[in-house]
Amino acid sequence: MLHLPDHLTEKQKQAYRKRWLGTIGLIVQTVSAIFFAVVGLFLFALFQPALNGWFDGPQTVPVEISQQRMAEKAADMDRVEDGIHLETGLIAAEGWETVRATCTACHSAKLVTQNKATRDGWKNMIVWMQETQGLWDLGDQENAILDYLAANYAPEESSRRANLDMEAIEWYLLEL
């Protein structure tokens, strides 16, 4: 405890204690602030490589580079490999651009590629979409779309694999 001279009045002693405690509080706050600043600097130095770029302003891309990237993306969107349009997965045959433009306006091309139907089956799907889903009248494009779908997404002869030719298999015995 703080020892104060006896000649001070009680009011003076209280004022003195108050100032003393205020000074000690200020010292504690200062030491705490220095401690947390040192710890913060240490952590920043430790993790600085991971924080690279966090405090930078927004990066602007030159117009030429932005236009080049957009052109590359547009070229990729129209790329066809092994007869398949890479963006949509549609078979790139006569009429596929019309199917892409018409069908993917409302749904994914995967909805087309996962289905198989005859020309009449595709026609029934189109009629159903027109009656229940708000598909517009396809006009002259309907025949081109049906031709494409019937040629490229028709039912397969069989959904099973062919039977194995048991005599053509070279068998061997497992030795135990």
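The values are calculated or read from the model by the stated rules, or taken from the named source; none is laboratory data. Computed from a prediction, not measured in an experiment: that's the story for all the values here. Here Cβ is always computed from backbone atoms with ideal geometry, including for glycine, and neighbour counts include all displayed protein chains. Areas reflect the complete protein model, heavy atoms only, side chains present, ligands, DNA and RNA absent. Shrake-Rupley method; radii C 1.70, N 1.55, O 1.52, S 1.80 Å.
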Identity of the residue in the stretch 140-176, in a loop (DSSP other than H, G, I, E, B) and of a type in the set (G, A, S), that ends up farthest from T104 (Cα to Cα): A168
Filter result for P49 (assigned to a loop (DSSP other than H, G, I, E, B) and either open to solvent by less than 100 Å² (accessible area, probe 1.4 Å) or closer than 30 Å to A151 by Cβ (or both)): no
A74, sole failed condition from (1) open to solvent by less than 60 Å² (accessible area, probe 1.4 Å); (2) in a loop (DSSP other than H, G, I, E, B); (3) at pLDDT below 90: (2)
Subset of the stretch 106-122 that is under 21 Å from H85 (Cβ atoms) and part of a helix (DSSP H, G or I) - its residue that is most open to solvent (accessible area, probe 1.4 Å): K110
Enumeration of residues in the stretch 88-99 that are open to solvent by less than 20 Å² (accessible area, probe 1.4 Å) and of a type in the set (G, A, S): G95
Search result, residues across the stretch 146-176 that are hydrophobic (A, V, I, L, M, F, W, C) and either surrounded by 10 or more Cβ atoms within 10 Å (Cβ to Cβ) or in contact with a Phe, Trp or Tyr (Cβ under 9 Å, 6 or more places away or on another chain) (or both): L146, L149, A150, A151, A154
Selected residue [closer than 30 Å to A154 by Cβ and free of Cβ contacts under 8 Å to residues at least 12 places away in the same chain] from L90, L41, L86: L86
Subset of the stretch 97-142 (residues that are of a type in the set (V, I, T) and under 30 Å from the mean Cα position of the chain (by Cα)): T98, V99, T102, T104, V112, T113
Residue within the stretch 55-64 that is in contact with a helix residue (DSSP H, G or I) (Cβ under 9 Å, 6 or more places away or on another chain), open to solvent by 80 Å² or more (accessible area, probe 1.4 Å) and in a helix (DSSP H, G or I) present: no
Test: residue in the stretch 123-130 that is open to solvent by 80 Å² or more (accessible area, probe 1.4 Å) and in a loop (DSSP other than H, G, I, E, B): no
Residue check for T102: part of a helix (DSSP H, G or I), open to solvent by less than 50 Å² (accessible area, probe 1.4 Å) and free of Cβ contacts under 8 Å to residues at least 60 places away in the same chain: yes
